[in-house]
1. Tell me, which residue of region 8-24 that is under 19 Å from residue 61 (Cβ atoms) and in contact with a strand residue (DSSP E or B) (Cβ under 6 Å, 6 or more places away or on another chain) is surrounded by the most Cβ atoms within 10 Å (Cβ to Cβ)?
2. If you go through region 53-76 one residue at a time, how many are under 12 Å from the mean Cα position of the chain (by Cα), touching a residue at least 40 places away in the same chain (Cβ under 8 Å) and under 22 Å from residue 41 (Cβ atoms)?
3. Determine whether residue 83 is more than 12 Å from the chain's Cα centre (by Cα) and assigned to a helix (DSSP H, G or I).
4. When you go through (1) touching a strand residue (DSSP E or B) at 6+ places or on another chain (Cβ under 9 Å); (2) in a loop (DSSP other than H, G, I, E, B) one by one for residue 5, which number turns out not to apply?
5. Name every residue in region 26-41 that is outside any loop (DSSP other than H, G, I, E, B) and loosely packed, with under 14 Cβ neighbours inside 10 Å, in order of residue number.
6. Where residues in region 45-80 are part of a helix (DSSP H, G or I) and in contact with a helix residue (DSSP H, G or I) (Cβ under 8 Å, 6 or more places away or on another chain), which of them is surrounded by the most Cβ atoms within 10 Å (Cβ to Cβ)?
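What follows is calculated from the coordinates using simple rules that are stated; it is not laboratory data. Computed from a predicted structure; not experimentally measured. Cβ placement follows ideal geometry from the backbone for every residue including glycine, while neighbour counts extend to all protein chains displayed.
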C-alpha cells in the first residue's frame, strides 16, 4: 500500500496538472489530483492566496491556471527532491 501524500506532494501534483493544461476547471483538478471537493478547497485557497495559481472567468466558467510564481515553485521543488534523493532521503 502506498503512503499518503504529504501536503507538498499534493500541491506539487496540483501545480503539475495546471502546468500541463492551460485552463482547468475545478472538477478536472479534483479528478486529476485525486482529491474530493471538500479536501481540495484548503489547498486551492493556499495556492491562490500565495499567488501560485490564479482564478479567472471565461464563458461563464470558473477556471484556474498556474502563475509564473507557481512555475518557479515547481522548479525549486524538483531541485529539492533531486538533492534529498542524492542523500538517500
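1. The residue in question is 18.
2. The qualifying residues number 6.
3. yes
4. Result: residue 5 passes all but (1).
5. 27, 31, 37, 38, 39, 41
6. Top of the filtered list is 47.
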